[in-house]
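Bear in mind that the values in this text are calculations on the coordinates, not laboratory data. The model shown is predicted, which means the values in this text are computed figures rather than measured ones. Counting neighbours? That spans all protein chains shown, and the Cβs are built from the backbone with ideal geometry, glycine included.
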Amino acid sequence: MKCVFCDIVAGRVSAAKVLDERTVVGFLDHQPLFPGHVLVAPREHHATLAELPEAEIQPYFGAVRRIASAVERAMQADGTFVAINIKISQSVPHLHTHVVPRRKGDGLFGKSFQWIRHRYPSEAAMREAQQAIVAALAP
């Protein structure tokens, strides 16, 4: 089965990576809810959280935690929203966690959950978000 996230991990498809570790990658969603929306995925293909090997749970969620903190700082957000879709609404059948910067009054949770995605206005705007997050992840 063809998997775009496996292609990103292998370098066959370009992505604005913010984290590239031995078992985990993080990259900007190309159609973010808000600028700075990051997808965190294991390097190896696992379709769902239930398939992630026990030994990879801590490295994976450790990366999610670090990225959530970095996204908040880098995007000068009030907080973050962290979510995993498993099967239902999972657009790519490769485990991934959404880390979305949040601001009070951003409308994400109005009368109903509004998962409205937008492309970055330009490549430069996307690279600016990428660079800010990479800098916030630096020790």
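Report the extension gain between S91 and Q31 in nm, rounded to one decimal, defined as 0.36 nm multiplied by the number of residues separating them, less their alpha carbon distance.
20.4 nm
By how many degrees, between 0 and 90 and to the nearest 10, does the Cα long axis of helix 54-74 differ from the longest principal axis of the chain?
20
Under a Cβ-only charge scheme (Lys and Arg +1, Asp and Glu -1), can you give me the dipole magnitude of region 4-137 about the Cα centre, in debye to the nearest 20?
Its charge dipole is roughly 360 debye.
List every residue whose amide H lies under 5 Å from the amide H of V18, counting only residues 5 or more places away in sequence or on a different chain, with H placed 1.01 Å from N in the peptide plane.
G26, F27, L28
What aspartates and glutamates sit close enough to K104 to cross-link, taking a C-alpha to C-alpha distance under 15 Å and skipping anything fewer than 8 places away on the same chain?
Those aspartates and glutamates meeting the cut-off are E72, D78.
Using alpha carbons only, how many degrees (0 to 90, rounded to 10) separate the axis of helix 123-137 from the longest principal axis of the chain?
Value to nearest ten degrees: 70.
Per DSSP H run of at least 4 residues, take -39500 (n - 2.57); add these up for the chain, divide by its residues and hand me the 222 nm value, nearest 500 deg cm²/dmol.
Value at 222 nm, helices only: -10000 deg cm²/dmol.
Limiting things to C-alpha atoms, what are the Rg and the maximum Cα-Cα separation (Dmax) for region 1-71, in angstroms?
11.9, 34
For R22 and R117, compute 0.36 nm times the residue count separating them, minus their Cα-Cα distance, and round to one decimal in nm.
Roughly 31.2 nm would be gained on extension.
At most 12 other C-beta atoms within 10 Å and a DSSP loop state: those are the exposed trypsin sites (Lys or Arg not before Pro) I care about. Give me the longest piece of the chain that has none.
So the longest stretch without any such site is 23-86.
Rounded to a whole number, what is D in µm²/s for region 4-137 from Stokes-Einstein with the Kirkwood radius over alpha-carbon pairs (25 °C, 0.890 mPa s)?
164
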